[in-house]
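Single-structure report; data block below.
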2 protein chains.
Amino acid sequence: MSVAIRHLDTRASDFEAEFNRVLHWSAETDAAIESRVAEILADVRQRGDAAVLEYTARFDGVTAAAMADLELGPEALQAALGQITPAQRAALEAAAARVRQYHERQLDACGRSWQYRDADGTLLGQKVTPLDRVGIYVPGGKAAYPSSVLMNAIPAQVAGVPEIVMVVPTPKGERNPLVLAAAAVAGAHRVFTIGGAQAVGALAYGTGTVPRVDKITGPGNAYVASAKRRVFGQVGIDMIAGPSEILVLADGSTPADWVAMDLFSQAEHDELAQSILLCPDAGYIAQVQAAIDRLLPGMPRRDVIRASLVGRGALIHTRSMAEACAISNRIAPEHLEISSSDPHRWEPLLKHAGAIFLGAFTSESLGDYCAGPNHVLPTSGTARFSSPLGVYDFQKRSSLIEVSEAGAHTLGPIAAELAYGEGLQAHAQAAELRLKPRIQ
Amino acid sequence: MSVAIRHLDTRASDFEAEFNRVLHWSAETDAAIESRVAEILADVRQRGDAAVLEYTARFDGVTAAAMADLELGPEALQAALGQITPAQRAALEAAAARVRQYHERQLDACGRSWQYRDADGTLLGQKVTPLDRVGIYVPGGKAAYPSSVLMNAIPAQVAGVPEIVMVVPTPKGERNPLVLAAAAVAGAHRVFTIGGAQAVGALAYGTGTVPRVDKITGPGNAYVASAKRRVFGQVGIDMIAGPSEILVLADGSTPADWVAMDLFSQAEHDELAQSILLCPDAGYIAQVQAAIDRLLPGMPRRDVIRASLVGRGALIHTRSMAEACAISNRIAPEHLEISSSDPHRWEPLLKHAGAIFLGAFTSESLGDYCAGPNHVLPTSGTARFSSPLGVYDFQKRSSLIEVSEAGAHTLGPIAAELAYGEGLQAHAQAAELRLKPRIQ
């Protein structure tokens with residue numbers, strides 16, 4: 001039976017309406033979750049460790065006498081490395097090495113301090129420094145992804161963050177050895193087995209045992225997302241992620257099975273994930289539909305994949321590849337595959353995307369795990385204004401200004417004129433005092 | 001009469017308690033403002049121009065038949081250039097030129113795309129592109145600062161943003177010619193005379209007349225701050241600013257009057273602004289107190305300055321300059337002056353600050369207006385994790401990945417191993433399909 005994925009055609013008169021229906025997704029904020037999270041955060045802020053211990057017992061079913069009992073030392077992480085298979089360990093280490101190499105290039109490209117001097121000796125520049133301490137949230141349970149540990153911890157490490165604190169809930173005490181092994185490989189400095197809003201609160205405010213961090217990154221459920229939004233300002237946060245998305249631009253030159261499987265690989269995340277194909281070749285779209293129908297029954301996660309494809313997926317027939325690029329820019333997808341024999345022809349037309357995968361061999365899944373670039377990417381159209389997680393997220397900048405005596409004479413009258421215009425006389429006089437002969 | 005600014009000494013037994021009292025500031029969220037803003041945003045989202053017109057009439061006392069009447073065309077901005085004095089115009093243009101030059105260096109330092117290839121031909125990189133359209137919020141009324149127009153619009157322009165939309169309320173119809181002249185000098189593309197939460201909503205969602213933007217920057221009152229926080233995710237935002245702060249590290253070599261005036265220049269912003277001096281020389285601290293007492297009566301804004309200094313200021317006697325640096329790092333100030341004869345000795349010890357001003361001639365006010373670096377800086381300790389507004393805030397990045405056929409054979413087994421470990425079989429199979437001989 002054919003999988004009832006939506007077929008759209010840009011030539012159809014109802015295309016705009018249908019297209020907007022496909023795109024519509026809104027993160028409804030749940031008032032009950034909001035108020036519950038506000039309570040938990042206030043409680044953690046006030047009572048610290050005691051509050052975190054109580055919530056951990058209640059929500060995760062993990063009872064401990066003291067927060068120190070919920071910290072995993074280096075031995076526990078090393079032990080996890082021994083519990084996974086040698087093939088898993090080798091894969092983790094190979095992926096980590098490639099992710100590290102890419103992020104070191106990123107550091108070279110934009111992570112260095114710079115300065116210059118004017119002719120009058122005035123120095124101007126910007127100093128780039130790593131954050132002191134960051135927190136990485138790693139989900140527990142069914143969406144526990146060791147690859148996310150690498151993708152969050154390695155850019156922080158490359159940026160030079162001296163202390164990386166990871167939190168990961170262990171519902172009913174169940175630990176995921178692959179996740180802990182990834183923490184060892186990525187070089188997390190401290191690991192606490194706590195989660196939810198209480199873990200976000202512990203990282204944001206600090207408790208007797210959990211140190212206060214400067215920024216919290218990493219995905220989580222609705223409680224975690226709400227808590228991150230609330231502590232923003234107290235600490236930095238990375239982004240609030242929506243459902244994952246893939247958009248495939250296809251000119252028909254890639255085997256249809258490959259494209260079908262790439263659409264599946266997004267759809268298998270969860271039912272809200274979105275997979276879209278844009279293609280000017282109706283015959284090829286039919287081939288992809290046939291491949292979907294043929295391959296789906298063999299997939300272990302077929303129920304999730306089917307629900308995602310039927311609920312949020314679309315195969316869109318466009319007039320041309322150029323039109324497909326224009327539509328892609330309206331979507332600003334998280335993952336964008338240019339499945340074309342000439343991907344470099346189309347790449348310059350694509351303005352907004354978290355990551356762009358060029359050519360038939362570049363499946364999104366290679367990028368998800370080990371090509372090198374980060375897999376934490378802007379979702380829900382936020383690629384219009386935001387970027388993949390990177391080294392720059394674990395650095396901050398300070399402007400440097402050293403005005404020479406000659407410079408003070410050039411700049412003082414300009415500053416004073418504008419300051420008087422704004423009614424800020426002390427600003428003006430601070431500039432003017434520097435124009436007079438100096439008397440100690 | 002002596003101004004009752006707080007004196008602290010790091011040697012005192014109650015120093016930690018007193019110091020924490022000085023630092024304590026919390027942005028209490030006002031539930032009434034929050035719910036009012038939520039209502040306004042929902043209304044603007046649904047009813048567009050009509051809602052914006054109604055709120056503008058109600059809150060600003062400006063009545064217009066259509067939103068188009070609230071747009072200022074290029075003639076209006078050019079006319080403002082003619083209304084200000086030639087000295088004001090020259091100062092605006094000189095400041096704009098220096099700000100532009102600095103931000104062009106910033107673009108060179110970190111705003112370019114980059115890529116590299118592995119030995120097997122796999123390409124990896126990052127593409128840097130400007131945002132399509134940004135909104136700049138400019139407050140009206142008493143805190144209308146033309147310098148802020150330059151500081152927000154110029155980095156956007158240097159980044160290459162093709163459309164800069166400025167909003168500025170004109171309470172009771174009163175327009176500030178310096179602000180409009182600054183918009184002309186900085187190159188804003190469109191200007192609407194609207195403000196408050198309704199202007200933030202119009203920019204975030206778009207209306208019939210106001211185009212939807214990708215990011216909103218610029219300062220505002222509690223309603224604007226609350227609205228920006230709420231639309232975050234729908235659009236990008238810069239930051240939620242708290243009261244402005246200056247911290248002066250002094251070794252006693254700068255004329256005490258200069259330092260006193262620098263403390264005033266922060267305090268004159270508003271009563272919540274914070275001015276702190278850290279100095280190891282008790283005699284010099286007494287000189288600064290004497291200068292404050294002598295100079296304050298002559299300042300037009302003396303009431304605001306006094307309230308700020310008495311309420312939130314502090315003169316702190318430290319054991320040494322090194323200790324002063326350590327305390328500065330705990331504060332992470334917005335503006336940090338190293339008022340020392342050897343500022344480069346101390347600069348490397350200073351980890352967290354929005355902007356660092358080196359040496360006696362570098363008054364903060366020179367940086368506020370025309371040295372070149374941005375004056376939009378992280379406040380309330382957020383310099384621990386965030387940066388001055390810059391070109392990078394008006395750009396976003398997309399990862400580029402092109403895996404060669406050989407690369408797919410190296411990376412495929414690694415990705416598949418990790419994907420199976422995470423229970424994501426479609427991810428694994430998408431990688432594995434690329435290992436087989438290609439059949440169309």
- For the stretch A:305-350, which residues satisfy the criterion of being closer than 17 Å to A:Leu272 by Cβ, more than 10 Å from chain B (Cβ to nearest Cβ) and part of a helix (DSSP H, G or I)? A:Arg306, A:Ala307, A:Ser308, A:Leu309, A:Val310, A:Gly311, A:Arg312, A:Ile331
- Task: Would you mind telling me which numbered condition in (1) closer than 30 Å to A:Gln157 by Cβ; (2) at the interface with chain B (Cβ under 8 Å from one of its Cβ atoms) A:Ala426 fails?
- Result: (1)
- Pairs returned, first residue in the stretch A:252-264 that is under 14 Å from A:Asp293 (Cα atoms), second residue that is of a type outside the set (A, V, I, L, M, F, W, C) and open to solvent by 10 Å² or more (accessible area, probe 1.4 Å), beta-carbon separation under 7 angstrom, 6 or more apart or interchain, are A:Ala256/A:Gln287; A:Met261/B:Gln429
- Message: Just to check your reading of the model, which residue among A:Thr318, A:Thr254 is closer than 20 Å to A:Ala12 by Cα, among the β-branched types (Val, Ile, Thr) and crowded, with 21+ Cβ neighbours inside 10 Å?
- Response: A:Thr318
- Task: List the number of the failed condition for B:Glu364; all other conditions in (1) surrounded by fewer than 24 Cβ atoms within 10 Å (Cβ to Cβ); (2) closer than 28 Å to B:Cys110 by Cα hold.
- Result: (1)
- Item | Options B:Val44, B:Val52, B:Val62, B:Val22; residue that is in contact with a strand residue (DSSP E or B) (Cβ under 6 Å, 6 or more places away or on another chain) and of a type outside the set (Lys, Arg) | B:Val22
- In the stretch B:351-364, which residues are farther than 19 Å from B:Gly242 by Cα, facing another protein chain (nearest Cβ under 7 Å) and among the small types (Gly, Ala, Ser)? B:Gly359, B:Ser363
- Message: Checking the condition touching a Leu at 6+ places or on another chain (Cβ under 8 Å) and within 13 Å of another protein chain (Cβ to nearest Cβ), which residue from A:Leu203, A:Leu180 passes?
- Response: A:Leu180
- Message: Looking only at the stretch A:372-395, how many residues end up being assigned to a helix (DSSP H, G or I) and either open to solvent by 10 Å² or more (accessible area, probe 1.4 Å) or in the same structural domain as A:Leu350 (by TED's automatic domain parsing) (or both)?
- Response: 4
- Message: Going residue by residue through the stretch B:221-237, is there one that turns out to be in contact with a helix residue (DSSP H, G or I) (Cβ under 8 Å, 6 or more places away or on another chain), over 28 Å from B:Glu54 (Cα atoms) and touching a residue at least 12 places away in the same chain (Cβ under 8 Å)?
- Response: no
- Message: I'm trying to understand the selection: among the residues of the stretch B:10-57, which are within 30 Å of B:Met321 (Cα to Cα) and touching a residue at least 40 places away in the same chain (Cβ under 8 Å)?
- Response: B:Thr10, B:Arg11, B:Phe19, B:Val22, B:Leu23, B:Trp25
- Message: Being open to solvent by 40 Å² or more (accessible area, probe 1.4 Å) and closer than 28 Å to B:Gln106 by Cα: is that true of B:Glu174 here?
- Response: no
- Task: Select from the stretch B:429-440 the residues that are more than 7 Å from chain A (Cβ to nearest Cβ), touching a helix residue (DSSP H, G or I) at 6+ places or on another chain (Cβ under 7 Å) and either part of a loop (DSSP other than H, G, I, E, B) or crowded, with 24+ Cβ neighbours inside 10 Å (or both) and list them in ascending order.
- Result: B:Leu435
- So how many residues does the stretch B:54-75 have that are assigned to a helix (DSSP H, G or I) and open to solvent by less than 30 Å² (accessible area, probe 1.4 Å)? 5
- Within the stretch B:392-411, can one find any residue that is at the interface with chain A (Cβ under 8 Å from one of its Cβ atoms) and closer than 30 Å to B:Gln274 by Cβ? yes
- the stretch A:100-132, residues that are open to solvent by less than 10 Å² (accessible area, probe 1.4 Å) and either under 11 Å from B:Gln106 (Cα atoms) or not assigned by TED's automatic domain parsing to the domain that holds A:Glu163 (or both): A:Cys110, A:Leu124, A:Gly125, A:Gln126
- Query: Only one of (1) surrounded by 24 or more Cβ atoms within 10 Å (Cβ to Cβ); (2) under 22 Å from the mean Cα position of the chain (by Cα); (3) within 22 Å of B:Val3 (Cα to Cα) fails for B:Ile305. Which number is that?
  - Reply: (2)
- Query: Taking the condition surrounded by fewer than 24 Cβ atoms within 10 Å (Cβ to Cβ) and either at pLDDT 95 or above or in a helix (DSSP H, G or I) (or both), does A:Gly208 pass?
  - Reply: yes
- Exactly one condition in (1) on the phi > 0 side of the Ramachandran plot; (2) modelled with pLDDT of 95 or more is not met by B:Gly233; state its number. (2)
- Considering residues of the stretch B:260-283 that are within 16 Å of B:Leu247 (Cβ to Cβ) and in contact with a His (Cβ under 8 Å, 6 or more places away or on another chain) only, the residue most open to solvent (accessible area, probe 1.4 Å): B:Pro280
- Query: Among A:Ala286, A:Ala241, A:Ala225, which is open to solvent by 40 Å² or more (accessible area, probe 1.4 Å) and part of a helix (DSSP H, G or I)?
  - Reply: A:Ala286
- Item | the stretch A:108-131, residues that are in contact with a helix residue (DSSP H, G or I) (Cβ under 7 Å, 6 or more places away or on another chain), within 30 Å of A:Ala96 (Cα to Cα) and modelled with pLDDT of 95 or more | A:Trp114, A:Pro130, A:Leu131
- Item | Candidate set from the stretch A:379-391 (those that are more than 8 Å from chain B (Cβ to nearest Cβ) and modelled with pLDDT under 95); member that is farthest from A:Ala241 (Cα to Cα) | A:Gly381
- Item | Selected residue (criterion: farthest from A:Val210 (Cα to Cα)) from residues of the stretch A:9-48 that are buried (at least 18 other Cβ atoms within 10 Å of the Cβ) and assigned by TED's automatic domain parsing to the domain that holds A:Val224 | A:Val37
- Task: Collect the residues in the stretch B:403-421 that are open to solvent by less than 30 Å² (accessible area, probe 1.4 Å) and touching a residue at least 12 places away in the same chain (Cβ under 8 Å), keeping them in residue-number order.
- Result: B:Val403, B:Ser404, B:Gly407, B:Ala408, B:Leu411, B:Gly412, B:Ala415, B:Ala416, B:Ala419
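The values are calculated or read from the model by the stated rules, or taken from the named source; none is laboratory data. Please read these numbers as outputs of a predicted model, since none were measured by experiment. Methodologically, a virtual Cβ is constructed for each residue, glycine included, from the backbone with ideal geometry; neighbour enumeration extends over all protein chains shown. Heavy atoms of the whole protein, side chains included, go into the accessibility calculation; ligands, DNA and RNA do not. Shrake-Rupley method; radii C 1.70, N 1.55, O 1.52, S 1.80 Å.
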